[in-house]
Amino acid sequence: MPELPEMETYKILLNQKIAGQVISDIQINREKSINLNSELFKRTVLLQKVTNVYRRGKHLLFHLQNGQVMLLHLMLGGWMFYGLESEKPKRTIQVQISFGEYHLYFIGLRLGYLHLYSQQEAEEKLSNLGPEPLSSDFSLNHFLGIISQKHGRLKTTLLDQEIIAGIGNCYSAEICFHAGILPTKDIDQIVESKRSQLYHSMRTVLQDGIKHGGYMENPLFKGDTLTGGFNERCNVYDREGKNCNRCGAIIINEMVSSRKTFYCPNCQK
Ligand SMILES: [Zn+2]
């Protein structure tokens, strides 16, 4: 599932491609991916300029000239491709938004969605989300304050979108590795210095993820060299049975709350 760095990469690249562009056509092949009658959806977005693309947590918000917002969540398996008809991936397309001869294809949008809202409705939909971990006003003290009220396993807290927005299975594993803490550890048992380390690891790993274009396998457009660069930089995620890059021990994959949880049993305490 795409997480904060993947969605931020999409945001950056999509702003370069479609900000200021007018939607010339829209094709909805899967009604369940949207929230309105498809005719109404089409009528509302057609001939509208995309003014800007924003991100909040794992969501993208396509702001339109008429004040409406298309709210995207890719969930599990969703991805996007932008390009000419001739470059279209050989996959089922759920929604296609056209900008002249270029198209933005939404693929794998089975659990994911593209919903149309007013700005106020969109804000309400996202109002339960916790703070943005990379925001300049999300300070160490703010983080320590939040963590001090939480109990249970560290991983569960990191994944909770209402506590901190944007972290999923991959980055929670990488953050815990970076901090040298077991994801299965109880928060109550993490000492103060390690909690501070966790905050710095969270910011470092997420920033590194963005810098290297996240871990999505598919490029956003032909010639896209940014997307997916973080894949080979993962230290524990999806590396079960491989050697730890830090200490050489074998990386473990343990199911925690039915989620795969990767860590090094030697250098994470
Ligand atoms: Zn290790």
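The values are calculated or read from the model by the stated rules, or taken from the named source; none is laboratory data. All values reported here derive from a predicted model rather than from experimental measurement. Cβ: placed from backbone, ideal geometry, glycine included. Neighbour counts: every protein chain shown. Just the protein is used for accessible areas: all its heavy atoms, side chains included, with ligands, DNA and RNA removed. Shrake-Rupley method; radii C 1.70, N 1.55, O 1.52, S 1.80 Å.
Structure summary
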{"quantity": "Neighbours by Cβ (under 7 Å, 6+ apart or cross-chain): first from the range 142-153, on the phi > 0 side of the Ramachandran plot; second open to solvent by less than 30 Å² (accessible area, probe 1.4 Å)", "calculated": "152/187"}
{"quantity": "Candidates 154, 109, 129, 134 - the one that is over 30 Å from residue 26 (Cα atoms), touching a strand residue (DSSP E or B) at 6+ places or on another chain (Cβ under 8 Å) and aliphatic (A, V, I, L, M)", "calculated": "154"}
{"quantity": "Members of the range 258-269 found to be open to solvent by 40 Å² or more (accessible area, probe 1.4 Å) and away from the ligand (no atom under 14 Å from the Cβ), listed by number", "calculated": "258, 259, 260"}
{"quantity": "Qualifying residues in the range 1-41 (those that are open to solvent by 60 Å² or more (accessible area, probe 1.4 Å) and part of a helix (DSSP H, G or I)) - the one nearest to residue 216 (Cα to Cα)", "calculated": "12"}
{"quantity": "Test set (1) in a helix (DSSP H, G or I); (2) under 16 Å from residue 1 (Cβ atoms) - residue 193 fails condition number", "calculated": "(2)"}
{"quantity": "Checking residue 182 against (1) within 16 Å of the ligand (Cβ to nearest atom); (2) among the aliphatic types (A, V, I, L, M); (3) part of a helix (DSSP H, G or I), the condition it does not meet", "calculated": "(3)"}
{"quantity": "Flag for residue 102 being among the aromatic types (Phe, Trp, Tyr), more than 21 Å from the chain's Cα centre (by Cα) and more than 19 Å from residue 39 (Cβ to Cβ)", "calculated": "yes"}
{"quantity": "Filter pass, residue 222 being away from the ligand (no atom under 16 Å from the Cβ), among the basic types (Lys, Arg) and either touching a Cys at 6+ places or on another chain (Cβ under 7 Å) or not in a strand (DSSP E or B) (or both)", "calculated": "yes"}
{"quantity": "Failed item in (1) in contact (Cβ under 8 Å) with a residue 60 or more places away in the chain; (2) within 16 Å of the ligand (Cβ to nearest atom); (3) crowded, with 18+ Cβ neighbours inside 10 Å, with residue 201 passing the rest", "calculated": "(1)"}
{"quantity": "Odd one out for residue 207 among (1) within 16 Å of the ligand (Cβ to nearest atom); (2) assigned to a helix (DSSP H, G or I)", "calculated": "(1)"}
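Residue-by-condition table, conditions (1) within 13 Å of the ligand (Cβ to nearest atom); (2) assigned by TED's automatic domain parsing to the domain that holds residue 157; (3) at pLDDT 95 or above:
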{"residue": "227", "(1), (2), (3)": "no, yes, yes"}
{"residue": "244", "(1), (2), (3)": "yes, yes, yes"}
{"residue": "247", "(1), (2), (3)": "yes, yes, yes"}
{"residue": "256", "(1), (2), (3)": "no, yes, no"}
